[in-house]
Structures are given as C-alpha cells and as structure tokens.
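Okay, structure first, notes after.
The values are calculated or read from the model by the stated rules, or taken from the named source; none is laboratory data. As the structure is a computational prediction, the values presented were derived from the model and not from experiment. In this analysis, Cβ positions are derived from the backbone assuming ideal geometry, glycine residues included, and neighbour counts consider all displayed protein chains.
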Amino acid sequence: MKMSPREFFQWESKRITLLGMSGVGKTTLANKLPKQQWFHYSGDYRIGTKYLGEPILDNIKRQAMEVPFLRDLLRSDSIYIGNNITVENLAPVSSFLGKLGDPTQGGLSLTEFKRRQNLHHRAEIAAMRDVPDFIEKARDIYGYRHFLNDAGGSVCELDDPQTLEILAAHTLIVYIKTTPELEQTLIERAERDPKPLYYREAFLDEQLAMFMAEKGYSEVTQIRPDEFVAWVFPHLFRSRLPRYQAIADQYGYTLEANDIAEVSNEEDFMHTLANALDRARP
C-alpha cells in the first residue's frame, strides 16, 4: 500500500504492519500508541496460541513425562499442563523451536529441528494471512479505530509473495531499519543470551556446514546447543537486512530505528511516518 502524507492523515482507520529484527523497537512502539484506539496484533502471539499451541504443549508434556512424579500425575489426569503465552512473554514459542546439538544438553537432532522449523514457517504464513480478518474483527467486534500488525522478525524469511501481497493490500508496511550501533547491541545481546530462531532451510544448511567445518565437528550431537545459535546470529542478522529492505522498497516504507526511539506518543509516530512517506515520493 502506497500513499501520500495527505492521504495518510486523511485515512480514518489506519492499518500498519511493522517489520524489523526482534529488538528493533516494534513492540515498544506499539505500546506507546493509545490502547483504546489501536488494536495490537502480534504475529508471534498468534503463532503460539493458534497455530503452534498444540505442538508447544506436546513438547512440554514430553519433557514432563521424563519425570516419574509428573508422569504418574499426567497419566492419571491429576494435573493439567497449559502455557501462558502473552504478547510480552513468547518463551513457549521460543522453547518449541529449540536449538541444534547434544541431546544430553537439551539439543535437537537436525531432523527434529527442521520439522519444528517447518511447522513455524507454515504457522507464520497463516498468522500473517489472518491479518485481514483481524482488521475486520478489531473494528466490528471490539470497536478499535486503528490496527497495528507487529510482525515477527522472520517474516522476511517466508519467501511467500502472496502473503506479502495480502499484507500490502490491507496495511501500510513499515520497515524499521537498524543503525550500526543498534546492530552491534543486538549481536552482543544474542551472544550473551542465545535465543532459538527461525532459519530458512537453505540458509541453515549453508551456515551449519560452514560452522561444522570451522569447529571440526562431524556430528550435530557434538554441538553445544547455545554454540551454533550464538555463532550464526550475526550471519542471520546481516542476511535479513536486504530482505527487509526489498520488501519495504516494493511494498512500503522505511523508518530509521533512531527516529522510532524518539517517538513518545501517537502524534509523534504519525508525523514521523508521514515524513517517511514524503521522502519516498518520486
């Protein structure tokens, strides 16, 4: 969706999709907008509660069944296991993705890891294709005037043009671009606390082969689970940047992370975005 600043300000029910790496400020920005006016749609929350809800619980139950005390309670239906996914706490989704490596340290085999990656890929496509329905629900059922789609960091990895076209047809796509300083901060954070992530299969195969050769490993089981995640993150980060930019160039607009950091309220955001629209005009 493309428009002029004037058209943007006259747009009575604004619908925006935010793209960018996790940690760039998408959710922080969403929380600065009036909650009475803006419906906050989290792609990751939708993935965890709708499309990966059962696999996530199955994974937790498998772990619980390894503990004799919990196994007996589960088999007798004496306890119930549920997850508590929120927009601010997506740890169950992350834990389901898991990490490659030594099974004695909680690592996954390559086959199981790819199975979960594939499930996440399909779930993310489905969650993004749900956006038009939620735009209507937000207005018709809940009475929200505006809609913000806080897309997951891996949307640029979907390689699914139809999904991007759906988002572009119903929302204004805005890519929040990192600065070199923020990029370094995010990389250092990932090294200190490696989080499970989604990887395109071709990227995973290429990077894993490089990692194994560099470390002298012959089997995935030799990998410490955090080791590969920390090693691959800078490569993943830099591979995603041109993908985000290509989406913004074709379908939407780009904002600098520094500009977003200075936004304190809805009015600030509206004017910051309008300026981006103005700069993009031919």
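Of note:
- So Glu206, is it in a helix (DSSP H, G or I), modelled with pLDDT under 95 and surrounded by fewer than 18 Cβ atoms within 10 Å (Cβ to Cβ): no
- For the stretch 186-196, the count of residues that are under 21 Å from Val263 (Cα atoms) and either of a type in the set (A, V, I, L, M) or within 15 Å of the chain's Cα centre (by Cα) (or both) is nonzero.
- Answer residue from the stretch 226-261, given it is in contact with a Pro (Cβ under 9 Å, 6 or more places away or on another chain) and among the charged types (D, E, K, R) and is surrounded by the fewest Cβ atoms within 10 Å (Cβ to Cβ) among those: Asp226
- When Leu167, Leu182 are checked against the criterion of being in a helix (DSSP H, G or I), farther than 30 Å from Ile60 by Cα and modelled with pLDDT under 95, Leu182 stands alone in meeting it.
Residues checked against (1) hydrophobic (A, V, I, L, M, F, W, C); (2) out of contact with any Leu (no Cβ under 8 Å at 6 or more places or on another chain):
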| position | (1), (2) |
| --- | --- |
| Ile125 | yes, no |
| Ala138 | yes, yes |
| Leu148 | yes, no |
| Tyr175 | no, no |
| Glu183 | no, yes |
| Asp193 | no, yes |
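- Pairs, first without any contact (Cβ under 8 Å) to a residue 40 or more places away in the chain and more than 18 Å from Gln105 (Cβ to Cβ) in the stretch 57-68, second aliphatic (A, V, I, L, M) and surrounded by 15 or more Cβ atoms within 10 Å (Cβ to Cβ), C-beta under 7 Å, six or more apart: Lys61/Leu74; Ala64/Leu70; Ala64/Leu74; Met65/Leu74
Residues are listed down the side, and each one gets a yes or a no for (1) under 22 Å from the mean Cα position of the chain (by Cα); (2) closer than 22 Å to Asn31 by Cα; (3) not aliphatic (A, V, I, L, M):
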site	(1), (2), (3)
Asp102	no, no, yes
Arg122	yes, no, yes
Phe134	yes, yes, yes
Tyr144	no, yes, yes
Ala168	yes, no, no
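- Flag: Ser239 does not match the condition of being more than 19 Å from Lys195 (Cβ to Cβ), of a type in the set (Gly, Ala, Ser) and modelled with pLDDT of 95 or more.
- If the condition is being buried (at least 19 other Cβ atoms within 10 Å of the Cβ), hydroxyl-bearing (Ser, Thr, Tyr) and at pLDDT 95 or above, then the stretch 139-164 contributes only Tyr144.
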